[in-house]
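The block underneath contains the structure these notes are about, expressed in structure tokens.
Each value in this text was obtained by applying a stated rule to the coordinates, not by laboratory testing. Computed from a prediction, not measured in an experiment: that's the story for all the values here. For neighbour counting, all protein chains shown are included, and Cβ atoms are generated from backbone atoms with ideal geometry for every residue, glycine included.
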Amino acid sequence: DSGVTQTPKHLITATGQRVTLRCSPRSGDLSVYWYQQSLDQGLQFLIQYYNGEERAKGNILERFSAQQFPDLHSELNLSSLELGDSALYFCASSVQWLGSPLHFGNGTRLTVT
Amino acid sequence: GIQVEQSPPDLILQEGANSTLRCNFSDSVNNLQWFHQNPWGQLINLFYIPSGTKQNGRLSATTVATERYSLLYISSSQTTDSGVYFCAAPLNYGGSQGNLIFGKGTKLSVKP
């Protein structure tokens, strides 16, 4: 168990809908990352937060947004969902925002029908 | 940004065999990590190894930063070693971004 908690484990929704994925980092970790894993794109970095502030942004669509709350948990909001958004979404956490090991949650499998 | 390439893409082993997985990166790194994704999709951090050699049981890893590669050794493989092995490096050396760029992985299948 990595100590990173993601909910829900599975999510099935229809095109056009909006969903929220939740992540609680390991105790003591201040940095949270979101990654998307799909068969054709591999593991793609979406966004990173450190102690409530956005630190880095990757290939995150404008329909997607995230935030990290004062208690350090993070949420990833996906809106106007398309079939191509179906993927495994991972949250990871680390102690620092640079140069420390990443620990991943078990992921949320999103299926858009 | 950095490019991360892994080889081989696929590897089939008989239980008990040894193997070496390779990760090449296009730029200097100060942070190189190896992960194992098991058949259930869980991503486990195996090593944080910006340079030098580390060992953890039957697994060991070596990073030669000056030559821009890292190796993951698996000895006496077991069926539970099956899955995909990823290496990952930061987008920019010394930069302000902590996110890791992942290679495409090596898919390992260990047969009993």
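Rounded to two decimals, the Cα-based Rg/Rh of the protein assembly as shown, with Kirkwood Rh, is 0.97. For chain A, modelled as a GNM whose springs connect Cα atoms under 10 angstrom apart, the maximal fluctuation among A:Leu83, A:Leu98, A:Leu30 occurs at A:Leu98. Shown here for segment A:13-113: GluC sites (Glu not before Pro) in loop regions (DSSP other than H, G, I, E, B) with at most 16 other Cβ atoms within 10 Å, namely A:Glu62, A:Glu82. Relative contact order of chain B, taken over Cα pairs closer than 8 Å and 6 or more residues apart, is 37 percent. Here the translational diffusion coefficient of segment B:16-112 follows from Stokes-Einstein with Rh set to the Kirkwood radius across Cα pairs; for 25 °C and 0.890 mPa s it amounts to 179 µm²/s. Using a Gaussian network model of chain B in which every pair of alpha carbons under 10 angstrom is joined by a spring, one finds that among B:Asn30, B:Asn38, B:Asn56 the greatest mean-square fluctuation is at B:Asn56.
Under a Gaussian network description of chain A, with springs only between Cα atoms under 10 Å, the residue in A:Phe69, A:Phe45, A:Phe90 that fluctuates furthest is A:Phe69. Once chain A is represented by equal point scatterers at the alpha-carbon sites, with solvent omitted, what log10 I(q)/I(0) does the Debye formula produce at q = 0.18 Å⁻¹? Values, matching the q order: -0.83.
Close amide-amide hydrogen proximity is noted between B:Ile101 and B:Ala89, B:Leu91, each under 5 Å apart and 5 or more residues distant or on a separate chain (H modeled in the peptide plane; Pro and chain starts excluded).
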